[in-house]
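The values are calculated or read from the model by the stated rules, or taken from the named source; none is laboratory data. Treat the numbers as computed from the prediction; the structure is a model and nothing was measured. All Cβ positions, even for glycine, are placed from backbone atoms using ideal geometry, and neighbour counts span all protein chains on display.
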Amino acid sequence: MEVMQLLTVGVAVLAVVAVAAYRRRRRSRHVQRLHTTKSMPVIEVGDADVARRLIIDHADSFSNHHDVPLAVDFDAGHPKTQSITSAPYGPLWRALRGNLTANILHPSRLGHLVLPIQRDAVEALVADLSAASARGGEAVVAVRDGVYAAVFATMARLCLGDGGELDDGIPAMRRTLREFFHSGVDARLLARSRLLRLLHWRQWRHFLGTRRRLAELFGPAIAARRRRGNCGIISTYVDSLLDVRVPNDVAEAEPAGGESLDRRRALREDEVVRLVWEFLGSSTEAVVACVEWTLARLVTEPEVQKKLHRELVAGGDHRKGQAVSDERLRDFPYLRAVILESLRLHPPLPLVVREVGPEGAVLAGAARPPDGTFVRFTFLAEDIGRGHRAWTDPETFRPERFLAGGEGEDVSPVPGPKEIKMMPFGAGRRHCPGAGLSMIHVGSFVAALVREFHWAPPADGARVDLTAINALFVKVMASPLKARITPRASQS
Ligand code: HEM
């Protein structure tokens, strides 16, 4: 029975693949694509200077991401659904990224758009932890889920806005998106080979099913937003996506004279859905991982925690029971240093990828592959952050290195054109547009949690396991952090 089922599914998958391949070949006359072949050479770069030279000096060549597996499109007959991350460097990418950075992530908008929403989420998280520790004064908590819910709530409201039907759907969206990212399916591997998809068809079906459920969940929320309109004021990411006009697909390849750029179009429904879950996924998973890694390091380094707490209390705004949600990182240099040190040692996205034409290999000093062969470059952000040339005792957690006079004094989250010492948010034209928001996010959550609670290992003498695993593309703690928290108020 199992064999028959497998054969039936195999034949069906082959038929779908054949139709998809046929349609893709017809489409490729119009749409610029990156070629992902099984035999694509891969070059790994763990040296900061080489990374800088390639990504910054040769930005014209090194500004395409790889063909992200999540964009694998079995909906044959449609143009491929692109997102900011997957779009080839060009007019569509520029329009999508420009929309996000200008309308949502611009520093002038972050203040009034994000901070009030964030304050609610931080306060809710502190209240939950306070309730857990109410009885004995201390409690052992696993923070990942709580932080995830708080960060997701913030980003969902920023993305979709407030409103009854949206609020009701948020927990289901959170669960499904999380299941998607943590399904254990090696999507990268499966996306590369049809044979592997056939062999692991159950996993693959599950993966596609979760993807479909995401569309079903976000579709109605987006439609509701469309019906309500935005009264001319963009206040959510979806508002901006419904307003933005992007180059037509036929104009995706850089036009010679620029004339076809005038023919702009609204985003299709599938594109809005894809961009919504890209936003929620990319803005939540990595932030949660960073908060968890930072708290883990504060548990293992009590002196650092003490020093951070002193800075936070001295910074004022310490009203009992009130979370700190509008931290200004520049007023808290040690907090900023702690976050940077956490990102240096534990970049949640440890691999930064570029897909480059054959000239890329030559620029990197390798032999030129045959014409038309693309090369995948993997920049090892974790190795670069732990480089011996840039950092003394690179494996040691020492935030002081980012303070005045330290070797990292001038280092910012996103490297400038002159030097790369770490690149947790990538580098060059494709660097993470959410770096500024992430620093504020992580800063607000960590500040509130350290101000309100003392963090210690779950039991006397217990060790915190800092082993990491990859969850799709984010590197997280293999054993979610468990810590013993004690309300500061009960200690004084
Ligand atoms: C601690 C949190 C975060 C980390 C560590 C992180 C890291 C990264 C990295 C390494 C890249 C690839 C950069 C490159 O290729 O050079 C990236 C891209 C991206 N990130 Fe983030 N990210 C974080 C939070 C966010 C947030 C809050 C958003 C907000 C919406 C966001 C949206 C994006 C997008 C859209 C891209 C694709 C950019 C492009 O292709 O042009 N990320 N991120």
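Do we have any residue at all in the range 391-406 that's within 30 Å of Asp57 (Cβ to Cβ), β-branched (Val, Ile, Thr) and more than 16 Å from the ligand (Cβ to nearest atom)? Yes; the residues of the range 391-406 include at least one that is within 30 Å of Asp57 (Cβ to Cβ), β-branched (Val, Ile, Thr) and more than 16 Å from the ligand (Cβ to nearest atom). One residue alone among Ala102, Ala121, Ala150, Ala156 is loosely packed, with under 15 Cβ neighbours inside 10 Å, within 16 Å of the ligand (Cβ to nearest atom) and assigned to a helix (DSSP H, G or I), and that residue is Ala102.
Okay, residues lined up against (1) among the hydroxyl-bearing types (Ser, Thr, Tyr); (2) away from the ligand (no atom under 16 Å from the Cβ); (3) at pLDDT 95 or above; (4) surrounded by fewer than 18 Cβ atoms within 10 Å (Cβ to Cβ):
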| site | (1), (2), (3), (4) |
| --- | --- |
| Met422 | no, no, yes, no |
| Gly426 | no, no, yes, no |
| Met439 | no, no, no, no |
| Ser444 | yes, no, no, no |
| His454 | no, yes, yes, no |
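Number of residues in the range 120-140 that are closer than 26 Å to Leu158 by Cβ and of a type in the set (Val, Ile, Thr) equals 2. Taking the listed residues Glu400, Glu359, the one that is of a type outside the set (Ser, Thr, Tyr), farther than 30 Å from Met40 by Cβ and touching a residue at least 60 places away in the same chain (Cβ under 8 Å) is Glu400, with no other qualifying. With respect to Ala381, is the statement that it is surrounded by 22 or more Cβ atoms within 10 Å (Cβ to Cβ) and farther than 17 Å from Val304 by Cα true? Criteria met by Ala381. Scanning the range 456-480 for residues that are within 16 Å of the ligand (Cβ to nearest atom), surrounded by fewer than 16 Cβ atoms within 10 Å (Cβ to Cβ) and over 18 Å from Ser342 (Cα atoms) yields a total of 0. Based on this model, can you work out whether Thr373 counts as within 16 Å of the ligand (Cβ to nearest atom), surrounded by fewer than 19 Cβ atoms within 10 Å (Cβ to Cβ) and of a type in the set (Ser, Thr, Tyr)? No.
Just one of the listed residues (Val313, Val324) is modelled with pLDDT under 95, surrounded by fewer than 21 Cβ atoms within 10 Å (Cβ to Cβ) and under 30 Å from Asp128 (Cβ atoms), and it is Val313.
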